[in-house]
Structures are given as C-alpha cells and as structure tokens.
1. Would you please give the residues with an amide H less than 5 Å from that of residue A:101, counting only those at least 5 places away or on a separate chain, with H modeled from the backbone geometry?
2. Between residue B:316 and residue B:129, what length in nm is gained on full extension when 0.36 nm per residue of separation is reduced by their alpha carbon distance?
3. Suppose each label sits 7 Å from its Cα in the direction of the beta carbon; what would the residue A:30-residue B:5 distance come out to in nanometres?
4. Name the long-range amide H neighbours of residue A:95: under 5 Å, sequence gap of 5 or more, or other chain; modelled H, no Pro or chain starts.
5. Above 18 Å lies some portion of the pair distances; for the stretch A:175-258, what is it as a whole percent of all C-alpha pairs?
6. Please list, in order along the stretch B:123-133, the HN-Hα scalar couplings obtained from phi with the Karplus expression 6.51 cos²θ - 1.76 cosθ + 1.60 (θ = phi - 60°), rounded to whole Hz, x for Gly and Pro.
7. So between residue B:112 and residue B:181, what do we pick up on full extension, going 0.36 nm a residue minus the alpha carbon distance?
8. Take each of the peptides A:203-210, A:85-92, average the number of other beta-carbon atoms within 10 Å over its residues, and list them starting from the highest.
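The values are calculated or read from the model by the stated rules, or taken from the named source; none is laboratory data. Keep in mind it's a predicted model, so treat the numbers as computed, not measured. Here the Cβ positions follow ideal geometry from the backbone for every residue, glycine too, while neighbour counts run over all protein chains shown. Ligands, DNA and RNA are stripped out before the accessible areas are found, and what is left, the full protein with its side chains, is counted by its heavy atoms. Shrake-Rupley method; radii C 1.70, N 1.55, O 1.52, S 1.80 Å.
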Number of protein chains: 2
Amino acid sequence: MNLKTLAQKLGLSPTTVSRALNGYPEVSETTRARVSAAAKAANYHPNTQAKRLATGRAMAIGHIIPISDRHEIVNPVFADFIAGAGEVYARKGYDMVLTIVPDDEEARAYGELRSKGNVDGVLIHAPRVNDHRVTMLQSLGLPYVLHGRISGIETSYSWVDVNNVRAFERATNFLLDLGHQRIALINGISDMDFARRRRRGYERALESRDIPIDAQLITEGEMTEAQGHDHARAMLALPNPPTAFLTASLLSAMGTRRAVEEAGLVMGRDVSIVTHDDELGYLKNGTAQEPIFTATRSSVREAGRRCATMLIAQIDSGNRQPISELMETVLVLGQSTGPAPSR
Amino acid sequence: MNLKTLAQKLGLSPTTVSRALNGYPEVSETTRARVSAAAKAANYHPNTQAKRLATGRAMAIGHIIPISDRHEIVNPVFADFIAGAGEVYARKGYDMVLTIVPDDEEARAYGELRSKGNVDGVLIHAPRVNDHRVTMLQSLGLPYVLHGRISGIETSYSWVDVNNVRAFERATNFLLDLGHQRIALINGISDMDFARRRRRGYERALESRDIPIDAQLITEGEMTEAQGHDHARAMLALPNPPTAFLTASLLSAMGTRRAVEEAGLVMGRDVSIVTHDDELGYLKNGTAQEPIFTATRSSVREAGRRCATMLIAQIDSGNRQPISELMETVLVLGQSTGPAPSR
DNA sequence: ATGAAAGCGCTAACAC
DNA sequence: GTGTTAGCGCTTTCAT
C-alpha cells in the first residue's frame, strides 16, 4: 500500500492525502477524518526512504561506538544511556543508528555518515581530555550533542553532563563526616574527562578540610573488578593504609571489597566503601551498616533522554548555537533502609 | 556533491558514472579508473536515501529491544552481541537500527518497521519459551534470525545458538570430577529459553552419574549480584548444604561468593563456584586453587557476527528457507595459569 | 561502451 | 480546500 493507491481508493489526490496525514491545516476536517480512517484500515505507513529523500531529512540519529578499547560498549552505563535516548527517538519518530568502528576509523565514519546522509546528527560518548571529535563535527557541520564535557577545549559546544565534581565531592564529604581521614580514590582512566572531574571533586573535599592529598591513595584504570581488587590490595599493604575507598564503578567496588576481605578486614568496621553506581545495596558503610550508594544509572538514563531531546531540538530548529545542560546526579548516601535491597 | 554534478565534471552521463562506481562490467576500465579517481577526489558518496528508494532496499538491519523488563538491554552480554553484529554490518555496508520499545508494543514495532521499509530484516534476542515473535515475523514476511532457540515451537525457523546444554553439562561434570555431590544451580529466569537448556545440561550430567536431582538446589531469577547472594545464602542454610555452585552469570557468581564468605566458609576449600562467563579469573575452584571460568562473552560476540552474516545472506539471496547454526561455547575449565588474571 | 528516459514514493511549490 | 507538477538522487530498462 502506497500513497498513490490509497489516494485512488479515496478518490483524492496524493497531495491531499499526504497533507491530511501530516496534519497540514488547509485540509478540511471531514476529509482528514476520512483519510486517516482509510489509512488505518489499510494499515498504511508512508515509505520511510521516500519520505527521507523528499524531505532531505534522514529522521535518524547516529551513535558511533569505537570498539578497539573495549571500555565503552561493554560499559553497562552505556546501555542505560542508549535506553534513555531510544525512548525519545521512538516518541519523535527517529531511528537510532549504531555504528561500530575500529578506533582509528572514527573520523572517517563521521564523514561518511555525513556525506551519505544517513543521519541528521550524532551523539558523542565518553569524551576524553582534549577530545578532537567535537571540532571535527563542527567543521563537518553535522549537528551533535556530547554526553560529557571536554576539559582542554576552548570553543563552545553542545553538551549534557552530570555534575561529577559535585557528586564526588559529596561522596568524599560523606566519608569525611564519618570520621575517615585516609580516603582512597579508585578512579577511571585518567584520559577520560569524567575521571578527571571526579578526581577534582574528591580533591576539593579534602582540601576544604585541610587534609593533604596523598598520591598513593589515588589510582586509575579500566573500571573492572580486577582493577578494584588489585589497586585496593596494593593500597591496603601501605604502611598507612586507607580506611575508606571511593570507587568510580560497581565492578571496581566489588573488587575493592574482595581485597578488603582477603586482607582479613571487616567491611563496615575496619573499612568503608562508597561508589558511584546504584545496584549497590550490599555495600555497607563504615558506621551504620547501612547501604550506601549513589544512583548513577538512573541519572545516565535521564542523560540519554536529555541528550536526544536537545539534539532533536537543534536539528528541528536548524539552530547551530551550542547549548548545554548540567545535571545533578541522583545521589543517595547512607540510605536508612533495613537490609540491603535485593532487586 | 551528487551524481549529476560529478558526471558533468567528467563529461559523462550519470548512468555511466553510476555503473562505473557500482562495478558493472559494461563500462571500460579506463573510464572506471577516471571515475573512481574523480569520486575519491571530490569525496563523493552516493546519497543513501536515494539509493534506498531506487533499489528498494533499506541496507539496514533492525534490532528491537523491549525495555520494560530490564534484563535485556542491561545485560553486558547484549553489548558483546551488538559489537559482533556491528562489525559485520560495517563491512557489508549495512546500518544497524536499534529500536527501544515498551514490552507490549513489540509486535507493533515489527509491523511498522516492515511497512515503513526502514529495515531489510531483524535480529531477535533473548527468546522466551513459547516465544511468539518468530511466527509473527514469518507471517509478516520480514527476514529474521533468532539469537537462541524456542523450545515450545513446532515450525522451523532461522537461528544461531550456543550449545547451552553441553556447556552446562560439561561444567557440571567438571565439578563432579572434583568430587562434589551437592551441586547447586543458580539459573536465569526460567521463562528464558537458554535458562531451560542450561538446566537440562546440569540435570543430564547429574543423571548420568545417578545423582538425584534436588529441587532445593536449583533456583532461578534475574542474574544479579543480589540474586546470587540471596539464593546462595538460603541454600547454605539448608541442613545438607551444597559444596559447589554453578551460576549462570558473572554477577550471580559474585553474589554467591559473598554469601559463601559471609557464611564463614572458605572459597576453594569448603565451596567451589563455576560460572558461565569469562572475566572471572578471580573465582577459584575447589581443589586446585586455579581460576575457573567458561568464556561466554567472546562466544557471544562471535554469535553476533554469525547472526548478522546469516541474516545478510538470507536477504541478499532472497532465500526464505530457515537455516540455523549451533555453536560450541568457548569453554575454559580449570585453566592452569598461575595467579588470577587481571585484565 | 555510453546515454536518454522513466521511475522509486513521497513532499512542496504553485495554481485553481 | 484540493489538484497539478516538479523534483529529491539514485538505479535501471531500453536504445544506440
């Protein structure tokens, strides 16, 4: 079923039918009703490719996932982001196009997506310090929104980000309030912009209480269980070991807890762990034996929604002025539920 | 830059240029060389939408992700699958279109994807027992390949699956060989087809050694850390507790280990854990203190590749005969590396 | 070996 | 309010 045959069925011109279906005002309400009824009855859906060609709009948003360093696609956080963005796309009639490329071909991928007209814009993930992708996109004239920020860049650009500085500052303060003086930070890869910001929040909290920053208590790396374990073990072997850990991910926190237990220490008595992830009900804090967590994942999903909404708005309006939005993380510290939640 | 202007530049007709670029034999090699050089120089890429409209092929594969039950998109396994499929798409010039839909709208989503012509076929994930999606797709006439199988279905259909029965049979036998008699299975949701097959493998191994199946030692649920913990704790409190656990996922295994340790038992002395996931170097077995794991994740990626390849072959050939492929899991049991690997 | 012309299914000027 | 016409950028007969 296509527009032409539907129009013939109705004894109308394709134009009128198109106008009726697309909500143009100049069509009479009786006709519109008749048309939409017939369309529904015939299960008519306009051909996407024809529409795209005629309008010059792909009605699709690209997500380019570089694959050689596995830390992006594997990250469950990424899945939540995608889910949030996907919600918005579905509502707005956009397709989400995922492109998996080897790390070194990312630039070419953007260029092709652009010149082939596959997408109207792209969403960029996991920016690194001094990330070059934004300038590339700007010179291509391809609309984009960045999930995160880029510290070492001068021009303004469009982004949505969570307030990582504040989140980690608050988490650190929480541990400080519990009386901890030796707080370790098990961070993500330092080349990632968010890791840098998290560290800044951690340091800011310590500085505001005049606690010296000890480089031995700060590590970084892929946020895996093994990383959490190895780094925590090393730090626990120091002459003056930490009494609390702040980790950047769920898996790191699990590994950290394992190291704590292997060292014969008792979670919630000898050592506290706070991490930047939800789903973490079972990690107990240092004094109250209460679950402690910060809900990144629901925030990430919301970030996905906002990035998508912002990008579509830019595309629809033709506006190329950079816009941005800073979100506060949904942060739950020392929640006083009884037993650790099982979900 | 479009075909017409490129043709004008070359003093050729659009037809010839198109033929040259698309490898048609009737164009002279000199012309072809000239054309491709000019195309490269002008950074010409044919407009995707126009091509799609003209050829009637979307050059895109759809992945529909139902979202209300969170266990699909969140699953890191899913990300690996996507990565594998994405590799193939990139090579073949296909786009990957991800559609996130509320659970109850999945049927409608397929229908629309079909009638709007957005995709040439779809990949289906995580089939449940008596899954209705395959029959729906068959009646729609939309090419598909299923990742997994459907136990309660009579018609034949296209699928790629890992041999879950054998994987769990082998894992169970491994524990039996270590001398365990009370082996617990912490399984995924029983409605999932793969969970049912895994259970079958587990039971088959026990039966072949005349060990009675104890329903108290089999549980199922979302494969989270909390699930692993709660279920293992309950089983360890039994009058006759298990000495080994077979779990269906990394997170469940972590939770299980936590329950073991909370019960004051020693991993690798009192209790063994084997799980169906790689990245598990730190889980020690019952006797040899060696890392034990089965490498699902690399297999999943390979499954993504094979599903994509198979679907594209079906689409290209116009063949609607169901085809299928059973993969053996890359399974590593009792690997004798020294310390637990840190990746 | 190359070109002219039609057409894919839709939208959007421009009439009426 | 509705219809006519001309594209969008490509592929594909059909001529030559």
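1. Residues meeting the criterion, in which the H sits 1.01 Å from N, are A:65, A:67.
2. On the way: separation 187, 0.36 × 187 = 67.32 nm, distance 3.01 nm.
Between residue B:316 and residue B:129, full extension yields 64.3 nm more.
3. Result: 4.9 nm between the two label points.
4. Under 5 Å from the amide H of residue A:95 lie the amide H atoms of A:60, A:61, each far enough along the sequence or on another chain.
5. Values: 1314 of 3486 pairs.
Value for the stretch A:175-258: 38 percent of Cα pairs lie more than 18 Å apart.
6. Those phi angles translate into 10, 10, 10, 6, x, 9, 4, 6, 5, 8, 5 Hz.
7. On the way: separation 69, 0.36 × 69 = 24.84 nm, distance 5.26 nm.
Full-extension gain reported as 19.6 nm.
8. Details: A:203-210: 14.5, A:85-92: 20.8.
The packing order, highest mean first, is A:85-92, A:203-210.
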